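The values are calculated or read from the model by the stated rules, or taken from the named source; none is laboratory data. The shown structure was predicted, so the numbers you read here are calculated from the model rather than taken from an experiment. Don't worry about glycine lacking a Cβ; one is built from the backbone with ideal geometry, like all the others, and counts go over all protein chains shown. Quick note on the areas: whole protein, heavy atoms, side chains included, nothing else; ligands and nucleic acids left out. Shrake-Rupley method; radii C 1.70, N 1.55, O 1.52, S 1.80 Å.
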Amino acid sequence: MTNPNLPLWGRCSALCALTVLLSAAGADQLNATAPRNGGGAQCGEYTNQVMEDGMCRLVATLPQLDEQRCPDMFRCTDEVSYWLHENEERKQQIVALKETISELQEELRNHRHRIKVFELQHEDNGHLNTTLERRFHDLEVHYAEATALMHLQGTLILNLQNQVHNLTLLVERVKRSPGCLINIVRPNPLMSSQEALHPEIQHMRSCPIDCASIHHNGVRRSGLYTVVPSLAGMPVEVYCDMDTDGGGWTVIQRRVDGSVSFDRSWREYRDGFGDLHSEFWLGNDHIHDLSTQADYSLRIDLEDWSNKHKHALYQSFSVEDEEHQYRLHVSGFSGTAQDSFGWYHDKQSFSTPDSGDICAEISHGGWWYSQCFYAHLNGVYYRGGHYTPKGRGHLGPDGIVWHSWRDSDYYSLRKVSMMIRPRTFRSHLSP
């Protein structure tokens with residue numbers, strides 16, 4: 001066993017073979033200091049041999065010693081062995097370190113690659129977010145447009161339902177009208193485009209177009225009837241005067257007792273208002289439809305508070321459509337009253353208090369104003385005839401005025417009516 005008290009480099013192994021190459025001189029010196037087989041009992045045996053290159057080869061066999069130490073020349077071999085071992089460990093550590101560094105470099109490259117991928121993904125996500133925001137904004141715009149369109153369509157559907165309901169009521173009235181037979185059929189290719197769109201209207205050929213047609217069919221009693229103007233094709237209920245001057249008159253305006261206010265808007269004058277049994281305005285659209293389907297005459301009947309009655313007759317009368325502000329065309333005066341209407345109001349457009357016309361505003365009614373009027377049959381109804389403008393703070397007369405009736409403009413008539421019939425109407429031709 002090796003002496004445990006010796007240092008690591010001073011211990012001799014159980015069997016240690018060491019080969020040392022020396023020069024020839026070194027070998028001789030070694031032979032001088034130690035016998036060839038000397039010291040075998042203490043330090044083992046050794047042999048030497050001169051090599052061809054002049055170097056000496058020394059072979060020593062070290063025995064196992066317990067307490068004795070080998071000579072210094074053998075002890076140094078332990079130190080060399082130790083440092084060689086340490087050096088080998090360092091090499092192995094360096095190799096391991098290099099492998100670790102290589103692995104770290106590879107991991108660093110992978111990390112950089114992942115960072116690059118993340119950056120590219122971030123750019124793609126940013127672009128995607130921008131695209132999504134743009135699409136979301138577009139969807140919001142489309143949704144708002146769709147909502148508005150849906151609301152508009154809902155309103156149109158409601159209006160159409162109301163129109164269908166009103167048309168149904170009018171058709172029922174037409175069915176009850178004398179001499180009017182309705183034959184509703186499907187459109188056929190021989191019809192015109194207008195007929196194909198309104199077959200239920202275009203087949204009202206036998207329906208009366210005005211009160212003169214009803215008179216021609218043998219009706220002689222004044223009252224409410226439904227007529228179908230040929231151009232408009234829409235049924236409208238009217239009051240027919242079958243008594244005045246042979247009858248056949250379609251009444252378009254009447255004032256009798258002041259029960260209806262004529263201070264109305266453009267829309268109300270366009271569509272009509274009032275009660276056909278008493279006071280009313282038939283409606284500018286209906287007046288246009290009736291007065292332009294043929295050559296019509298106009299009769300105006302006037303009555304004051306003394307029961308004095310006069311009338312004015314105009315051989316030609318028509319009213320243009322709304323696009324042309326219901327411009328008036330009236331001429332050919334005759335009658336028992338002096339003309340206060342045709343000569344001054346012909347070719348004038350219709351105005352109402354809400355249309356911006358100062359004459360309509362101060363006169364409180366719709367009319368064919370010039371600057372402002374000589375006749376105004378839609379003014380304020382003043383009972384008793386005479387009225388004082390100062391008491392109402394008015395800028396001018398605003399009653400039911402026919403300028404030539406009295407010396408004063410501040411006199412309001414008691415009863416007035418406007419009615420039309422074809423110029424060619426002859427009562428004796430009726431059955």
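For region 119-130, just list the computed ³J(HN,Hα) in residue order, Karplus coefficients 6.51, -1.76 and 1.60, θ = phi - 60°, integers in Hz, with x standing in for Gly and Pro.
5, 5, 5, 5, 5, 5, 5, x, 5, 5, 5, 4
Please work out how much accessible surface VAL319 shows to a 1.4 Å probe, ignoring ligands, DNA and RNA, in Å² rounded to 10.
Accessible area, nearest 10 Å²: 0 Å².
Along the positive direction of the dipole of region 232-352 (beta-carbon charges: Lys, Arg +1; Asp, Glu -1; about the Cα centre), which of LEU276, GLY246, SER340 reaches farthest?
SER340
Keeping all protein chains in place, calculate the accessible area per residue for region 217-309 (probe 1.4 angstrom), answer in Å². Intermediate values should be presented prior to the final figure.
Working: 3600 Å² over 93 residues.
It amounts to 39 Å² per residue over region 217-309.
Applying a 10 Å radius around every beta-carbon, put 241-249, 138-146 in order of their mean neighbour count, most first.
241-249, 138-146
Where the centre of each part is set by its Cα atoms, how far does region 322-361 sit from region 111-136, in angstrom?
Computed from Cα coordinates, the inter-centre distance equals 74 Å.
For region 262-267, just list the computed ³J(HN,Hα) in residue order, Karplus coefficients 6.51, -1.76 and 1.60, θ = phi - 60°, integers in Hz, with x standing in for Gly and Pro.
9, 7, 10, 7, 4, 5
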